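Everything on this sheet refers to the single structure shown next.
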Amino acid sequence: MTSPDTSSAAGPAPDRILELSGAYWASRTLLSAAELGVFATLAAGPLQVDDLRERLGLHPRGAQDFLDTLVALGLLDRDDDGYRNAAETDMYLDPGKPSYLGGLLEFHNAVMYSPWASLTEALRTGKDQLGHKSEEDQFVENYKDPAKLTALVTAMTGYSAGSAAALANTFPWERYETFCDLGTAQGMVPVQLGLRHPHLRGVGFDLPPVGPIFEKFIADHGLSSRVNFVGGDFFIAPLPPVQVYVLGHVLHDWGLDGKRSLLRRVYEALPENGAVIVYEMLIDDERRTNAAGLLMSLNMLVLSHDGFDYTGADCRGWMAEAGFRECYVQHLVGPESMVVGLK
């Protein structure tokens, strides 16, 4: 039987479809490498295949193919000295470096990967695939388990690093003196703001179990004198009196009522001329080009009770409903943008 000629000029080649259909192969290889400790093991230097296989506890069958796949994907290098981390993995997947992003990979592996296998069921039922009974319930399980909580907040640190740095350099912070990062997690936003703007004093606000993790992260960056933690439910507890509120990767966790309610609470807590900053992988207004934002909304479908992502126009509308007099959208980095509302 002869295979069809896919290079024919009669129509487009199926290469992109084929690549997308098997994209999870590469993703799963990366996540397994992180889970097995490949990059952490090689952080100390190169290893020959047998030494590396033994240290990782790999069966001989498939081990070399696995390692060479990581080479082909550009995640490892290989020379006469053996396998070594590539430049990117050395920078971002060495647990000993402050630039470590492995927490995000751990979160993908432990929390996200399995529910995404049930995307079809989520699309048919409209229900998340972790069995949450309410919006609040989606946080209870992770926050009561120290291991899951640590994985979650360190994942958010990696996820927010680029946007937090861009936010610190883009917004006119010289006009303000105080801020509060709602849903702060480990505290990447307060750290970036504090390091770049010595005049700022800030608050990280999250559920109480996050407190010790946040405080250590802030202390490690020498900011304890200017940044402190407040624990509570931001739908119920009094919000700190500050001039700017930041909601990064927070609003998409909630349904429409929750989004509107939180923006109203922020508006009421702000002084005149205060500001709110919401940043996400905003879906483009035409809903055609920012695939990352749309995929994130599908992620909220499978992981959250009622959450969804949204366009900049959507968010500006909710801000206007809450009372903000002026709202604008500005790009931050990659697929991420911020929506700013001025009171």
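The values are calculated or read from the model by the stated rules, or taken from the named source; none is laboratory data. Note that the structure is a prediction, hence the values are computed from the model and not measured. Cβ placement follows ideal geometry from the backbone for every residue including glycine, while neighbour counts extend to all protein chains displayed. Accessible surface areas use protein heavy atoms only, side chains included; no ligands, DNA or RNA. Shrake-Rupley method; radii C 1.70, N 1.55, O 1.52, S 1.80 Å.
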Checklist entry - What do you reckon, is V191 free of Cβ contacts under 8 Å to residues at least 40 places away in the same chain, out of contact with any Lys or Arg (no Cβ under 6 Å at 6 or more places or on another chain), outside any helix (DSSP H, G or I) and crowded, with 16+ Cβ neighbours inside 10 Å? => result no
Checklist outcome for this item: Note on G126: of the conditions (1) open to solvent by less than 40 Å² (accessible area, probe 1.4 Å); (2) over 19 Å from L30 (Cα atoms), unmet is (1)
Checklist outcome for this item: Within segment 180-212, the residues that are more than 17 Å from the chain's Cα centre (by Cα) and farther than 17 Å from L239 by Cβ are L193, G194, L195, R196, H197, P198, H199, L200, P209, P212
Checklist entry - Conditions: (1) open to solvent by 50 Å² or more (accessible area, probe 1.4 Å); (2) in a loop (DSSP other than H, G, I, E, B); (3) not acidic (D, E). Y24 meets all but one. Number of the miss? => result (2)
Checklist entry - Which is aromatic (F, W, Y), farther than 23 Å from G103 by Cβ and in contact (Cβ under 8 Å) with a residue 12 or more places away in the chain, of Y279, Y245? => result Y245
Next on the checklist: Contact list please: Cβ distance under 7 Å, first residue in segment 105-127 and more than 18 Å from A147 (Cβ to Cβ), second residue open to solvent by 80 Å² or more (accessible area, probe 1.4 Å) and in a helix (DSSP H, G or I), pairs at least six apart or on different chains.
Outcome noted: none
Checklist outcome for this item: Within segment 76-111, residues in a loop (DSSP other than H, G, I, E, B) and open to solvent by 80 Å² or more (accessible area, probe 1.4 Å) come out as D80, D81, P98
Next on the checklist: Taking the conditions exactly as written (among the hydrophobic types (A, V, I, L, M, F, W, C) and farther than 21 Å from L251 by Cα), does A166 satisfy them or not?
Outcome noted: no
Item to check | For L73: the one exception among (1) under 26 Å from A155 (Cβ atoms); (2) free of Cβ contacts under 8 Å to residues at least 40 places away in the same chain; (3) open to solvent by 70 Å² or more (accessible area, probe 1.4 Å) | outcome: (2)
Item to check | Residues of segment 112-122 satisfying the condition of being under 12 Å from L303 (Cα atoms) and in a helix (DSSP H, G or I) | outcome: M112, Y113, S114, P115, W116, L119, A122
Checklist entry - Is there any pair with a first residue in segment 1-24 that is farther than 17 Å from L73 by Cβ and a second that is modelled with pLDDT of 55 or more and surrounded by 10 or more Cβ atoms within 10 Å (Cβ to Cβ) whose Cβ atoms are under 6 Å apart and which are 6 or more apart or on different chains, and what are they? => result T6/A13; T6/P14
Item to check | Top-ranked residue in segment 194-213 [being more than 23 Å from W254 (Cα to Cα) and not in a loop (DSSP other than H, G, I, E, B); ranked as most open to solvent (accessible area, probe 1.4 Å)] | outcome: R201
Checklist outcome for this item: Over segment 33-59, the set of residues in a helix (DSSP H, G or I), under 26 Å from the mean Cα position of the chain (by Cα) and free of Cβ contacts under 8 Å to residues at least 24 places away in the same chain is L36, T41
Checklist outcome for this item: The number of residues in segment 298-319 that are surrounded by fewer than 18 Cβ atoms within 10 Å (Cβ to Cβ) and touching a residue at least 40 places away in the same chain (Cβ under 8 Å) is 1
